[in-house]
Amino acid sequence: MADAHHAIKAVARRTGLSAHVIRIWEKRYGAVEPERTETNRRLYSDEQIERLVLLRDITQAGHSIGNVAKLPTAKLRKLAAESPGETGRPAQLINGVIATPSYLDECIAAVKSLDSRALEKVLERAVTVLGSQGLLQHVVAPLAQNLGELWRDGIITAAHEHLASVVLRVFLGQAAKPFAGTENGPVLMVATPAGQLHELGALLVAAAAANMGWHVIYLGASLPAPEIAGAAKVSNARAVALSLVYPEDDSRLEGELKRLRQFLPAEVSLIAGGRAMPGYGAVLEEIGALQIKDLSHLCSTLDDLRKPTKKAKQ
């Protein structure tokens, strides 16, 4: 039987590696050599997917990708068997974020079962081991990505994602209290613009900013530009952060983003991030929004915004 071949998005879902990491491992280290279609799209075989999974496990156990990328698959299997993660299974890498498999898998299982209490218990165990920032980086960030993909693929419904959002909103709010900024701290307004209904990414931004001492005002999902701008003016916000997750091609959103920038005071910075952000890259650049690549980039950007004499890093 001929070996099946898979597009890079499917490979990313199966391996837990981002498409960016897969391409880097291919180009820079020669880890795999996918076939190409007539339109130059990459196609990966089942054997190549196995190699990527093994390389993921081995690198998370401490091996350098440069030292192991070109080893035979049999050798990779042996190394992987000798290098388990702390839970007996290797850690998972998703968009550059390490997620302890038990926490991530248990969170997803709880959401699929619509079991809010089970989700809370997993988060409670994770935060005691990883701390608040570790929870965000290594559990919540990959969880939000996974749930978005599961919803897009029809594996879970909007009800599942809503349950996760409700639990995370309460849990992250409690976890961030010890780090919350004072009344004199800089104000960050967090929301999703009109038409963007997925709020897990916005919750993640709000929690991360609160941990860093910002006074966060969380407005929720799908707000029109005038309402976001009005709230920012009333609260004297230093910045407004928007999460863009789905859809990636809403023709109305370009106008909403332009109106928001128009309504906001010039001194208020506009921040945008999320899986759908690249789809609106042109208009975000036009209005001078700071485009956030990942959670670490968000944190460095927020640090820069607290320094009036320095501009935030693009």
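Residue pairs whose Cβ atoms lie under 7 Å apart, sitting 6 or more positions apart in sequence or on different chains, and linking a residue in the range 227-255 that is under 21 Å from VAL187 (Cβ atoms) to a partner that is exposed (fewer than 14 other Cβ atoms within 10 Å of the Cβ), are LYS233/PRO265.
With respect to the stated conditions, LEU203 is out of contact with any Asp or Glu (no Cβ under 8 Å at 6 or more places or on another chain) and buried (at least 22 other Cβ atoms within 10 Å of the Cβ). The residues of the range 121-159 that are assigned to a loop (DSSP other than H, G, I, E, B) and at pLDDT below 85 amount to a single one, ASP153.
For every residue, the table says whether it meets (1) at pLDDT below 90; (2) small (Gly, Ala, Ser); (3) within 29 Å of ILE155 (Cβ to Cβ); (4) outside the structural domain of HIS20 (by TED's automatic domain parsing).
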position	(1), (2), (3), (4)
GLY66	yes, yes, no, no
PRO72	no, no, no, no
ALA81	yes, yes, no, no
LEU93	yes, no, yes, yes
ILE108	no, no, yes, yes
ARG117	no, no, yes, yes
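Within the range 1-46, the residues that satisfy the criterion of being under 20 Å from ALA74 (Cα atoms), crowded, with 17+ Cβ neighbours inside 10 Å and either of a type in the set (Gly, Ala, Ser) or over 21 Å from the mean Cα position of the chain (by Cα) (or both) are GLU26, ALA31, VAL32, PRO34, TYR44, SER45.
So which residues in the range 244-277 are of a type in the set (Gly, Ala, Ser) and over 24 Å from the mean Cα position of the chain (by Cα), if there are any at all? GLY255, ALA266 - these are the residues of the range 244-277 that are of a type in the set (Gly, Ala, Ser) and over 24 Å from the mean Cα position of the chain (by Cα). Any idea which residue in the range 102-119 is farthest from VAL167 (Cα to Cα), counting only those that are outside any helix (DSSP H, G or I) and without any contact (Cβ under 8 Å) to a residue 40 or more places away in the chain? Here the residue is SER113. Looking across the range 216-261, the residues that are β-branched (Val, Ile, Thr) and not in a helix (DSSP H, G or I) come down to VAL216, ILE217, VAL240, VAL245.
Residue check: MET189 meets all listed conditions (1) surrounded by fewer than 20 Cβ atoms within 10 Å (Cβ to Cβ); (2) not in a loop (DSSP other than H, G, I, E, B); (3) not basic (Lys, Arg) but one, namely (1).
The values are calculated or read from the model by the stated rules, or taken from the named source; none is laboratory data. Just so it is clear, the model here is predicted, and its values are computed rather than measured. Here the Cβ is made from the backbone with ideal geometry for all residues, glycine too, and neighbour counts use every protein chain on show.
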